[in-house]
Amino acid sequence: MRLHRLELRRIGLELVVPFRTSFGTELHRDILLVHVTTDAGDGWGECVAMSAPFYSPEFVDGADLAIRRFLWPMLVEAGDIAAADVATILEPIHGHPMAKAALEMAILDAELRASGTTFHQLLGAERSVIPSGVSVGIFDDLDELLAQVQGYVDDGYARIKLKIEPGWDLEPVRLVRDLIGPEMPLQVDANTAYTRTDAEHLCRLDEFDLLLIEQPLPEEDLLGHAQLAERSSTPVCLDESIVSLQTAEDAIEMGAAEIVNIKPGRVGGYLTAKRIHDLCVARDVPVWCGGMVETGIGRAANAALATLPGFTLPGDISASSRFYARDVVTEPITVTDGTVSVPDAPGLGFELDLEFLDSITTSTDFLDA
Ligand code: SMG
Ligand code: MG
């Protein structure tokens, strides 16, 4: 297809509750949406870069600039392209996977809509529902944490993930395990907050029968994760460290990733995410789909991705209402009996609520091809 125009649209959304992790607190989201118009129709993508570079080096203003200055011009220059070509065309640009992923996503959405195909049909997956997990932030006090967790249990989520950091780990995990009982799947995510010297302390989490511990150490520290994986009976899962197919392969080879969290934005797009899935299946490494506090745009695509057979663990694909009072899509993501239904509309699976979208738009800019 030939690209005609790119719309860069920024929207502002408030979270229903502050979301605190080991690297900061999110209260308000400044989200970049990209909308491509092509000779075959149009499509939308959501950039998962956060406002500030605390989760990864990318941030929303930087992604916006990278798209304007480099990525969009390269795609235009390439002429007649398919979604499957995007990653290769953009390969000369180092980094910026979230910016690249947003563009690939919009082009993929346009391509699928044009052919009347759903994303999960393209993937060839057979499930129509996927298990839904919820990610729970850090709180000032334990009672507040327990009240939130109880609320999510009542909502029917299939698994709970607790954010941890030094000083907020063994005690909250113990109390939540007591609250939810021994059967309910529970996991933790440190977002790189520990160091190798904490290995002995982290092994004390073993008694809580966790599904996994996610990214305890800095993203570059593959060896430290491999050493921890040797010592601890809780499986070590990598999130921030997995930035490409290559890093996934190396981490698995080194024993640093017993489980992989796949986030399409972090690896440069949904098509690379699928390749990482395939690699993990071949290596017998379980995967699950991570979340970046997406709107229903990103969540719809994530739900389709998670229908692939290697996604054997519940993902961070919670209901729209987990973070947002109102979603930008006409059919918000909902959780029923611990599952999310995979959207069935052509394209990535969402329809936008344009009236609402306009009301939360903070800026719009157009780039012609
Ligand atoms: O989208 O449900 C969600 C949030 C899941 O915890 C989540 N994401 O490290 O996995 C992670 C974090 C990254 C974003 S935190 C602002
Ligand atoms: Mg994580």
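The values are calculated or read from the model by the stated rules, or taken from the named source; none is laboratory data. Not measured: the values here are computed from a predicted model. Cβ atoms come from the backbone with ideal geometry, glycine included; neighbour counts cover every protein chain shown. Protein only, heavy atoms only, side chains kept; ligands, DNA and RNA dropped before computing areas. Shrake-Rupley method; radii C 1.70, N 1.55, O 1.52, S 1.80 Å.
Please indicate, with yes or no, whether at least one residue in region 161-182 is within 16 Å of ligand 1 (Cβ to nearest atom), within 21 Å of the chain's Cα centre (by Cα), of a type in the set (V, I, T) and in a strand (DSSP E or B).
No: zero hits.
Every residue in region 286-336 that is β-branched (V, I, T), within 13 Å of ligand 1 (Cβ to nearest atom) and not in a loop (DSSP other than H, G, I, E, B), please. Quick ask: steps written out before the conclusion?
Keep residues of region 286-336 that are β-branched (V, I, T), which gives 287, 293, 295, 297, 307, 312, 317, 328-330, 333-336.
Within this subset, residues satisfying the condition of being within 13 Å of ligand 1 (Cβ to nearest atom) are 293, 295, 297, 317, 333, 335.
Result: I297, single match.
Residues that are part of a strand (DSSP E or B), under 22 Å from the mean Cα position of the chain (by Cα) and either within 16 Å of ligand 2 (Cβ to nearest atom) or surrounded by fewer than 22 Cβ atoms within 10 Å (Cβ to Cβ) (or both): does region 31-44 have at least one?
yes
Just to be sure before I move on: is T25 within 16 Å of the chain's Cα centre (by Cα) and within 25 Å of L162 (Cβ to Cβ) in the structure I sent? Working first, answer last.
Values: within 16 Å of the chain's Cα centre (by Cα): no; within 25 Å of L162 (Cβ to Cβ): yes.
Answer is no for this residue.
Quick one: which helices (runs of 4 or more DSSP H) sit completely within region 46-93 and have at least 2 residues that are in contact (Cβ under 8 Å) with a residue 60 or more places away in the chain and within 18 Å of L367 (Cβ to Cβ)? Full working, then the answer.
Values: elements: 60-66, 72-77, 86-89.
Because the criterion is at least 2 residues that are in contact (Cβ under 8 Å) with a residue 60 or more places away in the chain and within 18 Å of L367 (Cβ to Cβ), the helices (runs of 4 or more DSSP H) in region 46-93 that meet it are 72-77.
All but one of (1) free of Cβ contacts under 8 Å to residues at least 40 places away in the same chain; (2) within 15 Å of ligand 1 (Cβ to nearest atom) hold for E214; state the number of the condition that does not hold.
Tallying (1) free of Cβ contacts under 8 Å to residues at least 40 places away in the same chain; (2) within 15 Å of ligand 1 (Cβ to nearest atom), E214 fails exactly one: (1).
What residue, of V188, V153, is assigned to a strand (DSSP E or B), of a type in the set (A, V, I, L, M) and either within 13 Å of ligand 1 (Cβ to nearest atom) or under 23 Å from the mean Cα position of the chain (by Cα) (or both)?
V188
When residues of region 194-204 are filtered for being buried (at least 22 other Cβ atoms within 10 Å of the Cβ) and of a type in the set (A, V, I, L, M, F, W, C), how many remain?
Of region 194-204, the ones buried (at least 22 other Cβ atoms within 10 Å of the Cβ) are 194, 202.
Imposing the further condition that a residue be of a type in the set (A, V, I, L, M, F, W, C) reduces the set to 202.
Of the residues in that region, 1 qualify.
From (1) within 21 Å of E219 (Cβ to Cβ); (2) in a strand (DSSP E or B); (3) hydroxyl-bearing (S, T, Y), pick out the condition that doesn't hold for T197.
The one condition T197 does not meet is (2).
Tell me the residue from P182, P172, P131 that is surrounded by 14 or more Cβ atoms within 10 Å (Cβ to Cβ) and either farther than 28 Å from R266 by Cα or of a type in the set (A, V, I, L, M) (or both), please. Give the derivation first.
On the way: P182 fails: surrounded by 14 or more Cβ atoms within 10 Å (Cβ to Cβ); P131 fails: either farther than 28 Å from R266 by Cα or of a type in the set (A, V, I, L, M) (or both).
Of the residues listed, the single one that is surrounded by 14 or more Cβ atoms within 10 Å (Cβ to Cβ) and either farther than 28 Å from R266 by Cα or of a type in the set (A, V, I, L, M) (or both) is P172.
Taking region 290-326 as the region of interest, how many residues are crowded, with 24+ Cβ neighbours inside 10 Å, among the aliphatic types (A, V, I, L, M) and within 14 Å of ligand 2 (Cβ to nearest atom)?
1
Enumerate the pairs (first residue in region 227-250 and on the phi < 0 side of the Ramachandran plot; second residue anywhere and outside any loop (DSSP other than H, G, I, E, B) and open to solvent by 60 Å² or more (accessible area, probe 1.4 Å)) with beta-carbon separation below 6 Å, excluding pairs fewer than 6 apart on the same chain, so at least 6 apart or on different chains.
Listed pairs, sorted by first residue: L245/R275.
Name every residue in region 74-90 that is touching a helix residue (DSSP H, G or I) at 6+ places or on another chain (Cβ under 9 Å), open to solvent by 20 Å² or more (accessible area, probe 1.4 Å) and within 17 Å of Q246 (Cα to Cα), in order of residue number.
A87
Among the residues in region 48-69, are any at pLDDT 95 or above, surrounded by 15 or more Cβ atoms within 10 Å (Cβ to Cβ) and more than 24 Å from E219 (Cβ to Cβ)?
Looking through region 48-69, at least one residue is at pLDDT 95 or above, surrounded by 15 or more Cβ atoms within 10 Å (Cβ to Cβ) and more than 24 Å from E219 (Cβ to Cβ).
Evaluate the following for E207: is it away from ligand 1 (no atom under 14 Å from the Cβ), surrounded by fewer than 20 Cβ atoms within 10 Å (Cβ to Cβ) and farther than 24 Å from S241 by Cα?
Values: away from ligand 1 (no atom under 14 Å from the Cβ): yes; surrounded by fewer than 20 Cβ atoms within 10 Å (Cβ to Cβ): yes; farther than 24 Å from S241 by Cα: yes.
So E207 fits the description; yes.
I need the full set of residues from region 181-220 which are away from ligand 2 (no atom under 15 Å from the Cβ) and in contact with a Gly (Cβ under 6 Å, 6 or more places away or on another chain), in order please.
Scanning region 181-220 gives a single hit, R196.
When region 219-234 is examined, which residues are found to be closer than 21 Å to Y55 by Cα and open to solvent by 50 Å² or more (accessible area, probe 1.4 Å)?
If the condition is that a residue be closer than 21 Å to Y55 by Cα and open to solvent by 50 Å² or more (accessible area, probe 1.4 Å), then E219, E220, L223 are the ones that fit.
Of the residues in region 237-251, how many are part of a loop (DSSP other than H, G, I, E, B) and either within 13 Å of ligand 1 (Cβ to nearest atom) or open to solvent by less than 10 Å² (accessible area, probe 1.4 Å) (or both)?
Adding up the residues that qualify gives 4.
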